[in-house]
Amino acid sequence: MDAQPPAHLTVARTSPDDVGQRQVIVSVDDGPRAQLMYGESIGWDVTPGRHVLKAHNTLVRKTIEFEAGPGEPIRFAVANRASKWMFGFLVVMGVAPLYLTVERVDQP
């Protein structure tokens with residue numbers, strides 16, 4: 001019986017829309033976690049089948065289910081983005097909420 005080759009998952013935090021603040025913590029299937037700062041990426045080999053990508057920036061959590069095919073390259077982009085009210089919050093409170101986006105970018 002032939003073993004299927006693993007898929008390769010890459011999670012990148014390189015969007016020009018990212019505000020560059022706070023870390024984004026990512027994990028796959030409750031496995032080891034990685035912290036991504038702006039400009040960084042991480043990759044894992046995953047077995048073919050159904051998986052769960054979890055990401056959070058300590059304020060907002062996202063959970064994305066995805067299917068991995070044998071040998072398939074899978075790519076997600078994560079970003080911390082500011083709301084249109086961010087600068088008002090910064091002036092008044094000294095802190096501002098950030099929104100986390102997670103998008104699969106390898107699909108047409």
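The values are calculated or read from the model by the stated rules, or taken from the named source; none is laboratory data. All figures in this text were calculated on a predicted structure; none of them were measured in a lab. Glycine gets a Cβ as well: all are built from the backbone with ideal geometry, and neighbour counts include every protein chain shown.
Residue by residue through the stretch 30-47, note down the ones that are in contact with a Gly (Cβ under 8 Å, 6 or more places away or on another chain) and either in a strand (DSSP E or B) or within 16 Å of Asp106 (Cα to Cα) (or both).
Trp44
In this structure, does Arg50 turn out to be at pLDDT 95 or above, within 13 Å of Leu9 (Cα to Cα) and touching a Ser or Thr at 6+ places or on another chain (Cβ under 6 Å)?
Details: at pLDDT 95 or above: yes; within 13 Å of Leu9 (Cα to Cα): yes; touching a Ser or Thr at 6+ places or on another chain (Cβ under 6 Å): no.
Taking the combined requirement at face value, the residue does not satisfy it.
How many residues are modelled with pLDDT of 70 or more and not in a strand (DSSP E or B) when one looks only at the stretch 60-96?
The qualifying residues number 5.
Among what's in the stretch 1-49 and is surrounded by 15 or more Cβ atoms within 10 Å (Cβ to Cβ) and among the small types (Gly, Ala, Ser), pick the residue that is farthest from the chain's Cα centre (by Cα).
Among those residues, the one meeting the criterion is Ala7.
Report, by residue number, each residue of the stretch 1-29 that is of a type outside the set (Gly, Ala, Ser), out of contact with any helix residue (DSSP H, G or I) (no Cβ under 9 Å at 6 or more places or on another chain), part of a loop (DSSP other than H, G, I, E, B) and touching a residue at least 12 places away in the same chain (Cβ under 8 Å).
Within the stretch 1-29, Gln4, Pro5, Pro6, Arg13, Thr14, Asp17, Asp18, Gln21, Arg22, Gln23, Asp29 qualify.
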